[in-house]
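Contents: one structure, followed by commentary.
The values are calculated or read from the model by the stated rules, or taken from the named source; none is laboratory data. For clarity, every value in this text was computed on a predicted model and none was experimentally measured. Quick reminder, even Gly has a Cβ in these numbers, built from the backbone with ideal geometry, and neighbours come from all protein chains shown. Note: accessible area is taken over every heavy atom of the protein model, side chains too, but ligands, DNA and RNA are not part of it. Shrake-Rupley method; radii C 1.70, N 1.55, O 1.52, S 1.80 Å.
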Amino acid sequence: MTRFADKNALVFGIANDHSIAYAIATALAAEGAQLGLSYGDERLARRVEPLAATLNARFCVRADVGREEDLEMVFATAAEAFGGRIDVLVHSLAYADRDDLLGPFVETKREGFGRALDISAYSLISLTRRALPFMVEGSSVLTLSYYGAEKVVPGYKVMGPAKAALESVMRYLAVDVGAKGVRVNAISAGPIRTLAAAGIPGFRDMQKAATERAPLGRTITTADVARSAVFLLSDDAAATTGEVLHVDAGYHLLGQ
Ligand code: NAD
């Protein structure tokens, strides 16, 4: 299928070929999208640049989403490479200080809390604001969340409030930009072994419990998430906005 033929997709958050963003970018490219990529850290360049080449990305630039000057550069690059039109924006990134993930939640530092919320949630506002002038009716934004936004998942710590804020930001943006015909949605993905997941204490146990208890009794893959992402980003979901779609084998349904 070529649901994204002649469409331009700007994807944030590839760290390596295990990243959810990489699976989404790959699925979008397979549907005909022209890609632009942005990654967060210079140390990732040697992994991300070859992936960008494989995906035939129009550009691949480093940007810290906490720095407005970096974002200015990304969107100037995108505007030029994409001829002034962005159809798809993917926000697949999060950050928390390691200390705040290791200690008890009550020990979360003010600075670390601010940084986690800034990078993981506020950035969706700044990316959407910068993309909006280049978006048209039918353009679409997607972010990635986790069940720890809704319920307490031991080990997820400060990322829980950060994802709760992210989901709320997603809904407020959906209302704000809806009049322009732009949709904003989230996927709440079940646990997947990625670089970010490696930083969550007890991640393996979380994944094991989710797999054993989920109604579908299986682990989630980045390909599962990518298929749902393509649906939400495409015209197939033209009447869906402000939604959190769980891609977790049904785990969120359970009361205990
Ligand atoms: P990943 O490590 O591959 O991706 C996380 C990305 O965030 C990295 O590319 C990293 O460079 C980027 N990032 C961090 N700080 C940044 C900054 N200041 N500026 C720009 N980029 C920055 O891991 P992933 O699991 O693919 O994570 C992608 C998204 O999916 C995250 O929002 C994560 O919370 C979410 N998610 C992951 C899981 C899971 O189990 N892996 C489950 C649900 C939701």
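The table that follows gives values for the structure above.
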quantity: Viscosity 1.002 mPa s, temperature 20 °C, Stokes-Einstein D of region 1-118 from Kirkwood C-alpha radius, µm²/s; calculated: 141 µm²/s
quantity: Cα long-axis angle, helix 68-81 against the chain (0 to 90 degrees, to the nearest 10); calculated: 40 degrees
quantity: Projected label distance in nm at R193 and F105, using a 7 Å step from Cα toward the beta-carbon; calculated: 2.7 nm
quantity: Surface accessible to a 1.4 Å probe, per residue, for the residues of region 11-52, Å²; calculated: 39 Å²
quantity: Vicinal HN-Hα couplings computed from phi for region 112-123 (Karplus, 6.51 cos²θ - 1.76 cosθ + 1.60; Hz; Gly/Pro x); calculated: x, 4, x, 5, 4, 5, 5, 6, 7, 10, 4, 4
quantity: Label zone at A76, where the point sits 7 Å out along the Cα-to-Cβ direction: region 28-53 residues whose backbone N lies under 18 Å; calculated: 37-39
quantity: Surface share of carbon and sulfur [accessible, 1.4 angstrom probe, percent] for region 8-251; calculated: 54 percent
quantity: For region 8-251, alpha-carbon Rg over 2.2 N^0.38 Å; calculated: 0.95
quantity: Between 0 and 90°, nearest 10: helix 203-213 axis offset from the chain longest Cα axis; calculated: 90 degrees
quantity: Under 5 Å, built H, 5+ apart or other chain: amide partners of L245; calculated: A186, I187, S188
quantity: Top positive-direction residue, dipole computed over region 49-184 with Cβ charges, set L71, M170, L124; calculated: M170
quantity: In nm, spacing of pseudo-spin labels at D17 and D235 (7 Å Cα→C-beta vector); calculated: 3.4 nm
quantity: In Hz, Karplus ³J(HN,Hα) per residue of region 176-184 (6.51, -1.76, 1.60; θ = phi - 60°; x = Gly, Pro); calculated: 5, 9, x, 4, 7, x, 9, 9, 9
quantity: Relative contact order of the chain, pairs being alpha-carbon contacts under 8 Å that are 6 or more residues apart, as %; calculated: 19 percent
quantity: Surface accessible to a 1.4 Å probe, per residue, for the residues of region 144-243, Å²; calculated: 45 Å²
quantity: Dipole axis of the chain (+1 Lys, Arg; -1 Asp, Glu on Cβ), positive-most option in P215, G103, G242; calculated: P215
quantity: Euclidean distance of C-alpha centroids, region 1-56 and region 135-165, integer Å; calculated: 21 Å
quantity: Placed amide H near S140: partners under 5 Å, 5+ positions off or other chain; calculated: V88, L89, R183
quantity: Stretch gain in nm, segment V152-L253, where the contour uses 0.36 nm per residue and the Cα spacing is subtracted; calculated: 34.9 nm
